[in-house]
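Encoded as structure tokens, the structure appears first; notes follow it.
The values are calculated or read from the model by the stated rules, or taken from the named source; none is laboratory data. Since the model is a prediction, treat every value here as computed from it, not as a measurement. Heads up, the Cβs are rebuilt from the backbone with ideal geometry, glycines too, and the neighbour counts pull from every protein chain shown. Side chains are part of the model used for accessible areas, which takes the heavy atoms of the whole protein and leaves out ligands, DNA and RNA. Shrake-Rupley method; radii C 1.70, N 1.55, O 1.52, S 1.80 Å.
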Amino acid sequence: MRIVQVVPSMEGGKLAQEALEFAQEMARQGHESSVISSGGSLVSRLTLHNCQHFELPVHRKGLINGRLHRKVRKQLESLQADVLLCRDSLCSWHGWKIWQALPEAARPRLITFLHRWPQGGIFGGGWMKGAVARGELVFTASQDLARRLSKRFEIPLADPEGSPKPFTVRHLYRGVNVRELDRRAPVSGHWQQRLLNNYPQLEGRSWLLLPGEIGPGRGQDKFLELLAQLKQKREDLFGLVVGEVVPGQEKFARELERRAESMGLAEHVVFLGPRRDMRELYASARITFELADPLYADGRVVSEALAMGCPAVTLGGPGAEMLQQCFPQGLPQSLTGEGEDVAKRRDLDEHLVARCLAILHEPEAIDFSGFSLEETGARAVDWFQKVNGVS
């Protein structure tokens, strides 16, 4: 099968990283995998794994893109694409316009992908509104997104057991590359020694891990509050905050460190900055947290931690759906409560502390089956083929 992805840029970020991983997995499974984007630093990693890249300015906005659309259309005809997978609303707009202009006999299947609900609930500008809902099959990053998109645009949800129909919505979780995050591979003693040499205060402690970008709404403030409460119950706990600072949020990061000191956490938390040893950190942590607001919570941290056999805790987003299936112990009981009511917030905090203490005392088993990149990739291909058969 010849699969072409359209993504605004391969410069980095979650969208580009997901497109890269999916393209590599498609090539590994024996399909012809290509990406059309405006270029970026991840292109070299893409082409290293038998994937093709075609640089075109698909990141450009505007009503009139005739020249760009002609170039992409010629590229699709040259590749004889079977599937055109468009990520985000802008690329979905380009893809839909190009797909319409192709002769019916030469059209690939148009698949669009909604990764997160846009802020404010509006799909891009007026001329892009709803473009992501125009695919013959629409993938979403979670079941909640699938339900919301189905309701908003009156598109039926795909029946997992029945025959697929064109123009349906189906969720597809981001898979984890378990060849890179291999829980069976031991953690090097040299790695542990180097980390303890740099941070001797970690020795003999139980590590609580919070990976992710550092900035407002990313959960670092909630993590400090939680750590302060847990420290009253267990003195052996130590928080590791991992990730780079969001550009322009350096003042916020400095304020976080000052806040940790004022809360009496100076000897109980360390800000490690960006790291390239996440596999080892996941394997060594007692619990991994994703505490970001819904706008930023994408479930990546939860899925990677679970793949490494590390218990995870989250407050919502796709990660909560994964925990429901893989590790229900990581979901606070009052997670479904709505609003900012003070009493509800207090209840959530109490449930969260109790749940963390229970996991530290005796974690339940983790069942990660169905969430590897190999499994989610094969699931996507199966649906591509089914849509091909009915369209």
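Observations
- Matching residues in the stretch 364-391 - criterion: being in a loop (DSSP other than H, G, I, E, B) and open to solvent by less than 70 Å² (accessible area, probe 1.4 Å): Ile366, Phe368, Gly370, Phe371, Ser391
- Residues that are among the polar types (S, T, N, Q) and touching a residue at least 24 places away in the same chain (Cβ under 8 Å) within the stretch 211-258 comprise Gln220, Gln229, Gln249, listed in sequence order.
- For the stretch 165-184, the set of residues classified as polar (S, T, N, Q) and surrounded by fewer than 19 Cβ atoms within 10 Å (Cβ to Cβ) consists of Asn177 only.
- Residues in the stretch 299-316 that are outside any helix (DSSP H, G or I), touching a residue at least 60 places away in the same chain (Cβ under 8 Å) and in contact with a Pro (Cβ under 6 Å, 6 or more places away or on another chain): Gly299 alone.
- Subset of the stretch 32-61 [closer than 20 Å to Arg179 by Cα and surrounded by 19 or more Cβ atoms within 10 Å (Cβ to Cβ)]: Ser33, Leu42, Leu46, Cys51
- Total residues in the stretch 129-153, condition touching a helix residue (DSSP H, G or I) at 6+ places or on another chain (Cβ under 9 Å), of a type in the set (Gly, Ala, Ser) and crowded, with 20+ Cβ neighbours inside 10 Å: 5
- 2 or more residues touching a Cys at 6+ places or on another chain (Cβ under 7 Å) and within 24 Å of Ala101 (Cβ to Cβ): qualifying strands (runs of 3 or more DSSP E) within the stretch 26-89: 32-37
- Meets criteria (open to solvent by less than 20 Å² (accessible area, probe 1.4 Å), aromatic (Phe, Trp, Tyr), on the phi < 0 side of the Ramachandran plot and at pLDDT 90 or above) for Phe123: no
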